[in-house]
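Notes for the one structure printed next.
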Amino acid sequence: MKVKDFMIHDVITVDDRKPISLALALMHEKGIRRLPVLADEKLVGMIVQHDIEKAFNRPGVIAETPVDWIMSKHPITITPEDDLVMAARILISKKISGLPVMDGDQLVGIISEIDILKILVDFLDKGEVVGDQG
């Protein structure tokens, strides 16, 4: 199973110079918890809802603070052709909730822990054997 078969293709992004209040509002509006961050249409970071909410408790952080002050820089990425198990292992080992999917230098999708959990639930609903039954 490949990442391309399960990733979200219509990725919602935010510009690195936009205010964190806009990123948070976008997350609430779209029902998502993470946004890839772009600068000049290139991926430069990831921002998650929890990081924004935590940032509001720090001195000097206001609603107009730019996203690039809060985002995680140099996000770990994956390609559409990568194996889905590899994506899941990266999420687990790095303790992150989502991976931008890159085709060269173009952002083409995103896959999250929720996407992978949905796949697991589908397999379990169909009675597929998962894990060691020994």
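The values are calculated or read from the model by the stated rules, or taken from the named source; none is laboratory data. As the structure is a computational prediction, the values presented were derived from the model and not from experiment. Here the Cβ is made from the backbone with ideal geometry for all residues, glycine too, and neighbour counts use every protein chain on show.
Observations on the model:
The rows are residues; the columns are (1) in contact with a strand residue (DSSP E or B) (Cβ under 8 Å, 6 or more places away or on another chain); (2) part of a loop (DSSP other than H, G, I, E, B); (3) more than 14 Å from MET7 (Cα to Cα).
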residue	(1), (2), (3)
PRO75	yes, yes, yes
PRO80	yes, yes, no
ARG89	no, no, yes
SER93	no, no, yes
LEU99	yes, no, no
MET102	yes, no, no
GLY109	yes, no, no
ILE114	no, no, no
LYS118	no, no, no
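- Residue list for segment 1-13, filter: over 12 Å from the mean Cα position of the chain (by Cα) and crowded, with 19+ Cβ neighbours inside 10 Å: VAL3
- Count of segment 23-46 residues which are without any contact (Cβ under 8 Å) to a residue 40 or more places away in the chain, within 22 Å of TRP69 (Cα to Cα) and part of a loop (DSSP other than H, G, I, E, B): 3
- Exactly one residue among GLN106, GLN49 is free of Cβ contacts under 8 Å to residues at least 40 places away in the same chain and in contact with a Lys or Arg (Cβ under 8 Å, 6 or more places away or on another chain), and that residue is GLN49.
- Of all positions in segment 15-22, at least one carries a residue that is at pLDDT 95 or above and assigned to a strand (DSSP E or B).
- Restricting segment 15-48 to residues that are farther than 14 Å from GLY98 by Cβ and β-branched (Val, Ile, Thr) leaves a set whose member that is surrounded by the fewest Cβ atoms within 10 Å (Cβ to Cβ) is VAL44.
- Segment 52-65: number of residues that are in contact (Cβ under 8 Å) with a residue 40 or more places away in the chain and surrounded by fewer than 16 Cβ atoms within 10 Å (Cβ to Cβ): 3
- Selection of segment 58-96 for residues being of a type in the set (D, E, K, R) and over 18 Å from ALA23 (Cβ atoms) yields GLU81, ASP82, ASP83, ARG89, LYS94, LYS95.
- Picking from residues in segment 66-84 that are within 12 Å of LEU99 (Cα to Cα) and hydrophobic (A, V, I, L, M, F, W, C), the one that is surrounded by the fewest Cβ atoms within 10 Å (Cβ to Cβ) is ILE76.
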